[in-house]
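The values are calculated or read from the model by the stated rules, or taken from the named source; none is laboratory data. In this text, all values refer to a predicted model and were calculated from it rather than measured experimentally. Cβ coordinates were reconstructed from backbone atoms using ideal geometry, including for glycine residues, and neighbour counts include every protein chain displayed.
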Amino acid sequence: MKKKFIFLCFIVFIGYVLLFPGEAVGAAAGGLMLWYEKVLPTLLPFAILSNILIYSNYLQYFTRILTPLLRPFFPVSGSGAFVLISGFLFGFPMGSKNCAELLKNNLISEEEAGVLFVVSNNISPIFISSYILCQQLAMPGLIAVSYLILYGPPLVAGAILLRKNVAADSRIKMPASGSQMNFRIIDAGIMNGFDTLVRLGGYIMLFGMMARLLQKLPISAGSRLIVTGIAELTNGIASLSAFPCSPRAKYILAMAFTAFGGLSGIAQTSSMIRDTKLSMRRYCLLKGVFTLASAALAVLVAFSSAFPC
């Protein structure tokens, strides 16, 4: 049944490209431009630097600074501190990518990685503040509270799960010596970074086309908006900004879409953790919980006196 459904999706997608070639090409070009202008310059330098730090073992110097700052709140190892900070500062999918790389290099335990790759894999604060709240929703006054709405649930869950499931003596510690730097390590870091970003570009392009295809479904405009936001975040937010509904409804839906990250985000995350034992089923389950929690918090904010009507 699953194979038949996937085959049917391929047939529908190919039919869309053949019947609406101009629209399909425009959607593909839009996805690639988004990748080239926003994603590539933002994530590629950090992806390369992260790889070089991991492969050269210079990561230990950063973790010695980060770990004491996080330990009172999150019982993470040194490498886990790097995953947590990088995931929240630089955004999706760097949390899952760094977690997978450290796990492959035996620098983080599987138990800790299973928690961190879920809670640290969120949309970047820059994307939330600039694209979603300022450009699309025109609600710059809600930036701070939106960070709390979106990052609060995974941070609370991470603190609980780390204390419950990750024993301190099971963590793999960063070696104290053996750091090295040469052009082989730099080349490997660059190639790994480009491989990661090229794959992301492919997913962004395909799901951008899928979002445009969903606009042709014979359902109500509100339903099309919901399925578009579930499929791909950027197109969902863009459609939401032009949708005729109240600012409160737009804000609640925007927070829910962003907390979920879209099916495109799930596909990209699955690509980042390939060749590891990290569970995508657990990832999707917790993402669903975080989405419901963020949506509930957004409702409270939207109907509070602080909301700009």
For this session: Kindly indicate which of PHE92, PHE73, PHE62, PHE117 is among the hydrophobic types (A, V, I, L, M, F, W, C), surrounded by fewer than 22 Cβ atoms within 10 Å (Cβ to Cβ) and under 23 Å from ALA188 (Cα atoms).
Result: PHE62
Seminar exercise, completed: Over region 238-279, the set of residues under 13 Å from the mean Cα position of the chain (by Cα) and hydrophobic (A, V, I, L, M, F, W, C) is PHE257, ALA259, PHE260, LEU263, ILE266, ALA267, MET272, ILE273
For this session: Run ASP169 past the list (1) assigned to a helix (DSSP H, G or I); (2) modelled with pLDDT of 80 or more; (3) loosely packed, with under 13 Cβ neighbours inside 10 Å and report the number of the one that doesn't hold.
Result: (2)
Exercise. Mind checking which pairs have a first residue in region 211-233 that is more than 19 Å from LEU200 (Cβ to Cβ) and among the polar types (S, T, N, Q) and a second that is at pLDDT below 85 and part of a loop (DSSP other than H, G, I, E, B), Cβ under 9 Å, 6 or more apart or different chains?
Worked result: SER223/LEU217; THR228/GLN215
For this session: Taking LEU278 as the residue in question, decide whether it is surrounded by 15 or more Cβ atoms within 10 Å (Cβ to Cβ) and over 15 Å from GLY95 (Cα atoms).
Result: no
Problem set entry | Entirely in region 238-309, the helices (runs of 4 or more DSSP H) that have 2 or more residues that are free of Cβ contacts under 8 Å to residues at least 12 places away in the same chain and not polar (S, T, N, Q) | 280-302
